[in-house]
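Below is one structure; the comments refer to it alone.
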Amino acid sequence: MSVLKAEGISLRLSGRTVLDAVSAAFKPGQVTAVLGPNGAGKSTLLSCLAGLHTPDEGRVMIGGRPRATLGLRDLARQIGLLPQGADVHWDVDVATLVALGRYPHRTRWGETKADRIAVASAMAATDVAQFAARPMTALSGGERARVLLARVLAGEPQWLLADEPLANLDPAHQLDTLECLRDVARSGAGVIVVLHDLNHAIRVADEVLLMCDGRIVAQGALEDVLTPQSIATTYGVSSHIGTTPDGLRFIVTTPMVR
Amino acid sequence: MNRALSLNLALLVGIAAAFVLSLLAGKVWIPLDAWSVGDPRWPIIAELRLPRTVLAAMVGAALGLSGAAMQGYLRNPLADPGLFGVSSGAALGAVISLYFGYAAAPWLLPAFALTGAAVTMTILALLVGRSGSVILFTLAGVILSSVAGSMTALAISLAPTPFATSQIVTWLMGALTDRSWDDVMLALPLLALGCVLLAFTGRTLDALTLGESAARSMGVDPLRLQLLIVIGVALCVGASVATAGIIGFIGLIVPHLVRPFVGNRPSAVLLPSALAGALLLLVADCLVRAMPTVSELRLGIAMSMLGGPFFLFLLLRMRRGLA
């Protein structure tokens, strides 16, 4: 089974330790939510896994091979990164933008049948096919976020790394996107997603990775990790975990009483 | 037939027509029936107009392509190949050769200009280092062009003779007057190599549409891309300045002219920009020759007169977009 692993990775950026001996393993077919306060090192961990940063110590293993032994293209075919608040610098149409996701698979001879199929299924999965011909500037925030996700899915990555994909989305689009991430995991890929809202983590995650100050506080199944105690130590807030009448769990946070 | 293909075909037809017009037009109008080796006017075509026309098409294509590649790389529609200092460096090289009166040997000026371009390019590469950062690249380019510009101004103000001053000033304006086959032979291999390097950047520039992080996560090597762009643009711009002086604005204008037809995807803009650059410079060069002025209007000035208002038009359109 192909596993993505961080083995004791440390990284210093501008003299500050951003990641401190982080070890974590991620499983395919599961959604892992990476949680923690601002500045905990969540985005940097994703960058290290995706190969944008090289850790000062430790290594990233993909399917039993050290990441450093993989070429840029090999790595890009296995790991798809959806960066935070992704920019689109030229006003291209939606179909063109999604097709950019095929870049790691490109051949000298232009678009192949496999490219067309992958682009079409990514657009179907994110429900963006109906505005394929629209320019990016003519989309709403929610539509835009779905198109950017479709771009990553078009690369058919074995690992989808998404950095706060729900920022700036209304509740309905947030739920749609979470559902989409679940579908990706159901199809067999591993999904690692940085989230801020604990309730989103409850809705989508199989596993949780809780981070604070560049270290891992806890990793494991959602119910085991996300407890009032761990939330209090990581975020410094009190929390109440409840269940709705129809069985959905939720978290309410309140300021800590000192 | 898709729009990109029809645009490219239309541009090719336009280039062919402008090419013929460029051989006919000038202070002496040479009709088609004089086009035979025995005709006394034949040397005008073979030795003056033909090399000049070929050079105009080559330089125009190289500048148009460089502009499209630079705009794609910097993800900025106002970027120009002159932005990163190579044209100012090449100009400084040429000005130094004029300052010392070396221009007597015809190959010395282009050699100095190419050296200037190469030195600027090397300094640029050293300044930017191995980071592949676009911001460093832009800032280093701006610094280099202003340093080279001020040294050119220094050379003008300290020129040993009024003749040298006037030679420098005239040369800086850019022109294709009196270019020979030697100039074509000098520029051709450099421009061709530069264009080939830039042609390889298309797909990678597309990926850069999503920003640097996303592009890197898709397997883009930022350092390799930067090398291709720097060397490609330096060859194109360096060889252009060495043979024709500074002809501004083509690289800025041309990509904007083709985008309405082929869309904004950077790779789609490259080929039509090269073709439209060739066409624009051929037509502009015909016009400056056909103008009823006492001495020929300098091509560089004509392009600046076109380019200034065009820049203003872009600015107004952007302002409307912001409002």
Confirm whether residue A:184 is within 11 Å of chain B (Cβ to nearest Cβ), within 30 Å of residue A:248 (Cβ to Cβ), touching a strand residue (DSSP E or B) at 6+ places or on another chain (Cβ under 6 Å) and of a type outside the set (Lys, Arg). no
Given the options A:2, A:23, A:43, name the one that is closer than 23 Å to residue B:212 by Cα and out of contact with any helix residue (DSSP H, G or I) (no Cβ under 7 Å at 6 or more places or on another chain). A:43
Would a scan of region B:37-49 turn up a residue that is of a type in the set (Gly, Ala, Ser) and touching a residue at least 60 places away in the same chain (Cβ under 8 Å)? no
Just give me the residues in region B:239-272 being more than 18 Å from residue B:12 (Cα to Cα), in a helix (DSSP H, G or I) and among the hydrophobic types (A, V, I, L, M, F, W, C), in sequence order. B:239, B:241, B:242, B:244, B:252, B:253
Of the residues A:73, A:77, only one is part of a helix (DSSP H, G or I) and farther than 19 Å from residue A:185 by Cβ; which? A:73
Scan region A:52-68 and tell me whether some residue there is surrounded by fewer than 22 Cβ atoms within 10 Å (Cβ to Cβ) and within 11 Å of another protein chain (Cβ to nearest Cβ). yes
Among residues of region B:100-118 being out of contact with any Leu (no Cβ under 8 Å at 6 or more places or on another chain) and of a type in the set (Phe, Trp, Tyr), the residue modelled with the lowest pLDDT is B:100
Would you confirm whether or not region A:160-168 contains a residue that is away from chain B (no Cβ under 13 Å), among the aliphatic types (A, V, I, L, M) and out of contact with any Asp or Glu (no Cβ under 9 Å at 6 or more places or on another chain)? yes
Residue check for residue A:114: touching a His at 6+ places or on another chain (Cβ under 8 Å) and more than 10 Å from every other protein chain (Cβ to nearest Cβ): yes
Answer with yes or no whether residue A:78 is of a type in the set (S, T, N, Q), under 16 Å from the mean Cα position of the chain (by Cα) and more than 9 Å from chain B (Cβ to nearest Cβ). yes
Residue A:231 fails exactly one of the following numbered conditions: (1) at pLDDT 90 or above; (2) under 24 Å from the mean Cα position of the chain (by Cα); (3) surrounded by fewer than 19 Cβ atoms within 10 Å (Cβ to Cβ). What is the number of that condition? (3)
Tell me, yes or no, whether region A:2-23 has at least one residue that is over 17 Å from residue A:216 (Cα atoms) and surrounded by 21 or more Cβ atoms within 10 Å (Cβ to Cβ). no
Give the residue that is farthest from the other protein chains (Cβ to nearest Cβ), with candidates limited to residues of region A:81-98 that are more than 19 Å from residue A:162 (Cα to Cα) and either surrounded by fewer than 16 Cβ atoms within 10 Å (Cβ to Cβ) or of a type outside the set (Gly, Ala, Ser) (or both). A:94
Filter result (surrounded by 22 or more Cβ atoms within 10 Å (Cβ to Cβ) and at the interface with another protein chain (Cβ under 8 Å from one of its Cβ atoms)) within region B:220-239: B:220
What's the total number of residues in region B:297-316 that are surrounded by 17 or more Cβ atoms within 10 Å (Cβ to Cβ) and either acidic (Asp, Glu) or free of Cβ contacts under 8 Å to residues at least 12 places away in the same chain (or both)? 1
Would you confirm whether any residue within region B:65-75 is under 29 Å from residue B:258 (Cβ atoms) and assigned to a loop (DSSP other than H, G, I, E, B)? yes
Members of region B:190-214 that are surrounded by fewer than 23 Cβ atoms within 10 Å (Cβ to Cβ) and within 8 Å of another protein chain (Cβ to nearest Cβ): B:203, B:211, B:213
Looking only at region B:273-323, which residues are among the charged types (D, E, K, R), part of a helix (DSSP H, G or I) and within 16 Å of residue B:49 (Cα to Cα)? B:285, B:289
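Considering only region B:121-144, state which residues are hydroxyl-bearing (Ser, Thr, Tyr) and touching a Leu at 6+ places or on another chain (Cβ under 7 Å).
Matches in region B:121-144: B:138 only.
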(1) within 9 Å of chain B (Cβ to nearest Cβ); (2) in contact with a Ser or Thr (Cβ under 9 Å, 6 or more places away or on another chain); (3) without any contact (Cβ under 8 Å) to a residue 60 or more places away in the chain; (4) buried (at least 19 other Cβ atoms within 10 Å of the Cβ): which one isn't true of residue A:101, the others all being true? (2)
Any residue at all in region A:67-78 that is more than 30 Å from residue A:23 (Cα to Cα) and either free of Cβ contacts under 8 Å to residues at least 12 places away in the same chain or not polar (S, T, N, Q) (or both)? no
So, of the residues in region B:1-37 that are within 28 Å of the chain's Cα centre (by Cα) and polar (S, T, N, Q), which turns out to be surrounded by the most Cβ atoms within 10 Å (Cβ to Cβ)? B:22
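The values are calculated or read from the model by the stated rules, or taken from the named source; none is laboratory data. Quick caveat: nothing in here was measured; it's all calculated off a predicted structure. Glycine gets a Cβ as well: all are built from the backbone with ideal geometry, and neighbour counts include every protein chain shown.
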